[in-house]
Structures are given as structure tokens and as C-alpha cells.
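Read-outs: derived from the displayed coordinates by stated rules, not from any lab. Note that the structure is predicted; figures quoted are calculated from it, not measured. Glycine also receives a Cβ, built like all others from the backbone with ideal geometry; neighbour counts cover every protein chain displayed.
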Amino acid sequence: MATLPPTLSSRKRDWIPYAKIALWIALLAPAFILLDRILLLGQFSGGNFVDDPVELIQHWTGNTALILLLLGLAVTPMRRLLGWNWMIRFRRLFGLFAFFYATMHVVSWFVFDHQLALGPIFKDVLERNWILVGMMSWLLLIPLAVTSTVGWIRRLGGKKWNRLHQLVYPIAILGVLHFLWQTKLLERDPVLYTVALVILLAVRRWIRRK
Amino acid sequence: MPTNNHPHPSEVTPESIYMNRRSFIRRASVASIGGSLIAGGVWARHKNAPRVEGTSDDELTPWETVTGYNNFYEFGTGKGDPKENAQDFKTDPWSIEVSGEVSEKRTFSFEELVDGLTVEERIYRMRCVEGWSMVVPWNGFMLKDLIEHLGPTEDANYVEFTTLMDRTQMPGQNSPVLPWPYVEALRLDEAMHPLTIMVTGVYGKKLPPQNGAPIRMIVPWKYGFKGAKSIVKIRFTKRQPRTTWNEAIPREYGFYANVNPEVDHPRWSQASERRLGEFFRRDSLMFNGYDEVAPLYEGMDLSRNY
């Protein structure tokens, strides 16, 4: 069995466009499942009766955004540790979809919890630390999403672009903190995400030192 | 053993409550729960729920939600966990130990304890401290009637309720999320208030295990966590008992836990709530709309006694 070559350029990778299509479908799936559960009573995706659709929307989109952020952060360690350099081709999609779900999360909160009333939105953001960190996480994602195109990478230059996109670390930390902070007690998922984040950050440091 | 010569109510009821009896019960009438809940979409299900008479915007929360969306950490912390994990919960036989500052100090079987008490339907709003609410047609009897049976002594100032401790049947108790067993308590005058009920059924059916079978307490003007479920001990005390959530996180959960839109939870506002199934929030009401309990707290600073 042939091992994968160390660089991207050394071999044609015909399968990558197909893999990208598959990934698009996979990344859109959570949105379809959510729509199905709320509008079609889970005819396609199953699941229980939805007691609180707004809670489902908010938990589902927030969770998905965090998972995608963590997966995006896992790309570089996997490349380095396993030599899967092709993974870099998919990183942008993870980031963009994390932004997509985070935006749905925030917008649903604007609409359902505050009916777009700016005063109460600002008040809530400023008074509640866990909302504040969540909001900061989302706001910081915006410049990263905007500058994710090849055009912007050229315009900024690799070095500057890289430095800007280092923001993904504070974004992930703030996002996980937002999750951890809003539960009544220490619950399983936020703890799992925290552990995952700590491991990813530690692996990264370790790789950099090597 | 059930006895027929219960003490006359006035012998054990504090006078203030006794004199106040006329002024209460804004009980939603016993609206007939006709019309089975139609499947066919979230909208249809909620739209077809029968209304509570007199309170036009308080529609009954559908049975699926009342019995499928529960905070009962003994069966897991997810809202759907209790329904999933409580199905084999054994509620028969069930005994309840009555102790402390009370004359009928002994262990009763469930049947014995509820014998002779009048079960009626009470449609109550249920407001969770987390910011969501329901409207539930409970079946139960006034806690007051039970307390009068049991005859607390003059030193009884509080009543404490303890949930069953059983790690095999209640897997959530293996996790240290809360100091088990779950304990809740009321001041005696709160317990004697005619709105406070002991619940044995919902929607005209036997109380399902995920809702706290076979017997639980409901105090409609307080946040839901005050309503101890699957009760095995009732103890009358002179001093304020420790209560579980208050002990776990005192800054966030007080002993009183009255629904109060003006006193925020440290991490979220209590000014509004989401009625389960609705998309937009509605204003929360002082004492969850049960204003008749206000005299119980006269002169108390409710922002300190949260």
C-alpha cells in the first residue's frame, strides 16, 4: 500500500473535489436535521417530540459551531502528526461553517429572546459574562470569515493573514467558556469540549517546540 | 393506621392562615380536558391544546411535553433523560416516613398516607428557574389537609421533604452533580397555604415516574425545583432545613425561590420566560401570578431572601 506523499504538489489529488462535495453535504446536514425536527417533526432524521423549539435551535447551532471550530483546530495537529497534508484543503470549510452555525445561534437569540430590541440585547451582553464571551467569540469570527478567500490571503499577504487568523484561538477559548458558563452545574458536554480544547492547544504547543 | 377523628383544622392551623382562608384560590377552574392532542406538527399540537378558563393566554402544555421535558437529576441531567431512565421505576410498594416535630411520627404506606384526602384537579403555571414555563393540570390534594392529619407540634416551623435515595433505580445519583438525596423544604405557613398541593396524578392519570411518582409537592408560586419529587420522608423541624440547590450553589438558588421577575439569577434575567412550545418570551409574573401569597412575605426583603 502506497503511503501518502509528504507534500501536496507531488501528486495529483483527483479525489479532493469529490471529498469537498461530501464535506459540504456533511456540514450542511446539521442544518437540515434541525429544520426537519422543527418543521417536519423529525420525519427524516427521527428524534423526539420537540418541546422547546427555540432551545433546540440554540443548543443545536451553538453545539455544531463549537464542534466545527474544534475540528478546524484539529487540522494542523493531524497534518503534522499523521502527515495528512491534504487536510489543509478542508480547513476553511470547517471555519466557514462554524461561522454559519454561530451566526444562526446569535441571530436566533436576537430574534427569539429579544425580538431584535437593541437596548435589551446590549444590556444582556454587558450584564452577563457568559453572553459577553459568547458574543465576543462570534464578533471575532466575522473578520476571519470575511478574509477567508484566496483574494484576501493575497491582499493581506501570508504573514499578516496568518497572524490575523491566530484569532481562532481566543475565539475557541471564548466559545467553550461561553458553553461551560451557561450550564447550571458541571455537565458532561461542556467539560468534554474543554478537555478537547486543552488537548488541541497542548498538542499545538508541543508541535511548535519540536 | 388511618384514623377518623382528625384534629379540627383550627387546632393546628396557624390563625393567620385560618383567617385568610376566604381570600384565596385563584384556581383555574376544572377545565374539561377534551379533545385528544392531535399529532401532525408542533403548531397543530400546541394550537389544539385546551385553554385554561379565565386566563386566555395560558393554554395547557401538551402531555408529551409535561411528561417528556423534565428536570429530575436523579434520572439524568438532560431534559429527556428522566422519561428514558425512569420507566422501570418501582413506586409500589411505597412508604413515607413522617418524623420530627409532629404527633403522627411513624412510617406510612403511600395508600395509608393519602387515604381520605380529597384529590382534585389544579391547573397551575409551572415556572422553572431556568427561564421556561408550562401549564399543567395536576391531580392532588392540599398539603394543608395532610399536615392537619399529621398534627405538627407547636415547635414545627418548617416541613422538609426528602426524595428517595436509590442508586440502582436512580442512576443520576451515581453522579456527584448534587449532594444526594434531594431535599426541599417550606416554611410551615407556606406549606399550609391552600395553593400548595401534593400531587399524585397529571392530566387525570397516575403520575408518571419522570414527574415524581408516586407523590410530589407543587408550590406554584415558586420555581419548579422547590417541588420535591418521589418523596419518602416528611420531617417537621423547628429550624430552617438545608435544601439541596441552596446548599449546592447558595448564591444562585435561595431557600425561598419565589418566582420574582425583579430578582435576577446571577447569570440570567428572570424578567421573562419562554412558555414551552412558543417562540417568543413572555413577561414573568410576581409570584408566578399567584398574588394571593404576597402576605406570606410581608416585610421581607425578597431580593435578599431570594
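Quick look at the values:
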read-out: Gained length - B:Ser175 relative to B:Arg187, 0.36 nm times residue gap less alpha-carbon distance; value: 1.4 nm
read-out: Relative exposure of A:Phe97, B:Phe280, judged by other C-beta atoms within 10 Å (fewest first); value: B:Phe280, A:Phe97
read-out: Estimated FRET transfer efficiency (A:Arg80, B:Asp166; beta-carbon r; R0 51 Å; 0.05); value: 0.55
read-out: Proximal lysines to A:Lys123, defined as alpha-carbon separation beneath 16 angstrom and excluding residues fewer than eight positions away on the same chain; value: none
read-out: Length-normalised contact order of chain A in % [C-alpha pairs under 8 Å, at least 6 apart]; value: 18 percent
read-out: Extension gain, A:Trp152 back to A:Leu185 (0.36 nm per residue minus Cα-Cα distance, nm); value: 7.6 nm
read-out: Sequence-distant residues sharing a close amide H with A:Gly42 (under 5 Å, placed H); value: A:Arg37
read-out: Shielding score for A:45-53, defined as the mean number of other chain Cβ atoms within 10 Å; value: 6
read-out: Order of A:Ile16, A:Ile171 - criterion: other Cβ atoms within 10 Å of each residue's Cβ, fewest first; value: A:Ile16, A:Ile171
read-out: B:Asp92 paired with A:Ser45, simple spin-label distance in nm, labels 7 Å along Cα-to-beta-carbon; value: 4.0 nm
read-out: Eligible lysines near A:Lys159 by straight Cα distance, threshold 30 Å, same-chain separation 8 or greater; value: A:Lys12, A:Lys20, A:Lys210
read-out: Euclidean distance of C-alpha centroids, region A:30-64 and region A:176-201, integer Å; value: 22 Å
read-out: Reach of B:Lys105 by Cα under 23 Å, taken over lysines that are not fewer than 8 positions away in the same chain; value: B:Lys144, B:Lys229, B:Lys233, B:Lys238
read-out: Computed [θ] at 222 nm, deg cm²/dmol, chain A (DSSP H ≥ 4; -39,500 (n - 2.57); rounded to nearest 500); value: -25000 deg cm²/dmol
read-out: Cα shape, chain A, gyration tensor, a/c 1.5 rule; value: prolate
read-out: Cα gyration tensor, region A:153-209 - rounded (a/c under 1.5), prolate or oblate; value: oblate
read-out: Per-residue average of Cβ from other chains inside 10 Å of B:60-66; value: 2
read-out: Computed log₁₀ I(q)/I(0) - Debye formula, equal Cα scatterers, no solvent, region A:31-152, q 0.10 Å⁻¹; value: -0.40
read-out: Kyte-Doolittle mean at least 0.5, axial Cα span of 27 Å or more - DSSP H helices of chain A; value: A:15-39, A:53-82, A:88-108, A:188-209
read-out: Which of A:Val198, B:Val219, A:Val168 has the fewest Cβ neighbours within 10 Å, and the rest in rising order; value: A:Val198, A:Val168, B:Val219
read-out: Three-way shape label, region A:113-210, alpha-carbon gyration tensor, a/c 1.5; value: oblate
